[in-house]
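Just below is one structure, and these are the notes that go with it.
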Amino acid sequence: MTKRPLIVANWKMNHGISDTFKFLTHINRIELTTETVDVVLCPPFTSLYTLSVALAEASSKVMWGAQNCHTEDSGAFTGEISAEFLTELGCSFVIAGHSERRQLLGEKNDFIAQKVLKVLEKNMTPILCVGETLEQRDQGSAVKVVEEQLHGCLKDIERSDIEKIVVAYEPVWAIGTGRTATPEQAQEMHHAIRNWLGNKYGRSFAGNVRLLYGGSVKPDNIKSLMTQDDVDGALVGGASLNAETFREILAQSV
Ligand code: PGA
């Protein structure tokens, strides 16, 4: 890890407005490491406004993002939120292609590719999630699967835009299971991702893309993951919900 670390909290469908307030009250009392680490909180849509106002009032360096968006700016898409609305709110990051959306909601690479483009068009940073299932790993096809996801989701991205994208490697078998990839497994895949980006966009561009690891990241494993050359940060689910645990992860990430 050579870049400034980026730690992203993915709260998933947790922390409505009242719990978001509690979390923020707590982090105002404890000291979060934000001088040396870039920190992004991704709450559910309904908590975004509350969170953004509270962070601004506290002059916090903590950034924030959304967990998803739609590919269209507006229209007959019941229940969806457009990237346009997120920009209007002042949002700077959007997670795209999380495996839960791929698995539970059937999102495919093509649709995710359009989201990545739309997020860039709206001047926000897409956090593109990729990762293999346990079955695919056991079959020895983990790298191939991740490369296919990269190919499918980044196919229309210009060289000049690649550095604006964050890629999160999240092996599906490690998400919410307590079973983290070993630092070596994470490094091996991050290296493969960096190589793939290098072949397509050139080494120097690929070197600037921040690659996050996600999947059961906790205070006791973040350090060993962050010591790996190609791990530039983490996407943290469960362990980001508790302010004290999240503070420990940030402190251990540098
Ligand atoms: P987890 O989730 O940290 O709870 O495993 C990570 C994620 O899904 O982004």
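The values are calculated or read from the model by the stated rules, or taken from the named source; none is laboratory data. Only a predicted model underlies this, so the values are computations on that prediction, with no experimental measurement involved. All Cβ positions, glycine included, derive from the backbone under ideal geometry; neighbour counts span all protein chains shown.
Please go through region 201-237 and pick out each residue that is away from the ligand (no atom under 16 Å from the Cβ) and either in contact with a Pro (Cβ under 6 Å, 6 or more places away or on another chain) or without any contact (Cβ under 8 Å) to a residue 24 or more places away in the chain (or both). Scanning region 201-237 gives 203, 204, 207, 228. Within the bounds of region 237-246, is there any residue that is surrounded by 19 or more Cβ atoms within 10 Å (Cβ to Cβ), touching a His at 6+ places or on another chain (Cβ under 9 Å) and either aromatic (Phe, Trp, Tyr) or within 14 Å of residue 129 (Cα to Cα) (or both)? No, region 237-246 contains no residue that is surrounded by 19 or more Cβ atoms within 10 Å (Cβ to Cβ), touching a His at 6+ places or on another chain (Cβ under 9 Å) and either aromatic (Phe, Trp, Tyr) or within 14 Å of residue 129 (Cα to Cα) (or both). The one condition from (1) surrounded by fewer than 21 Cβ atoms within 10 Å (Cβ to Cβ); (2) out of contact with any Asp or Glu (no Cβ under 7 Å at 6 or more places or on another chain) that residue 96 does not meet is (1). Looking only at region 65-123, which residues are within 22 Å of residue 152 (Cβ to Cβ) and charged (D, E, K, R)? Matches in region 65-123: 72, 80, 100, 101, 102, 107, 108, 110, 115, 118, 121, 122.
Of the residues 159, 194, the single one that is at pLDDT 95 or above and of a type outside the set (Phe, Trp, Tyr) is 194.
Screening region 94-178 for helices (runs of 4 or more DSSP H) wholly inside it with 3 or more residues that are more than 16 Å from the ligand (Cβ to nearest atom) returns the ranges 109-121, 134-138, 142-153. Here the condition is being farther than 20 Å from residue 132 by Cβ and surrounded by 21 or more Cβ atoms within 10 Å (Cβ to Cβ); of 222, 193, it holds for 222 alone. When the strands (runs of 3 or more DSSP E) confined to region 1-93 are screened for residues that are in contact (Cβ under 8 Å) with a residue 60 or more places away in the chain, of a type in the set (Phe, Trp, Tyr) and crowded, with 18+ Cβ neighbours inside 10 Å, none reaches at least 2 such residues.
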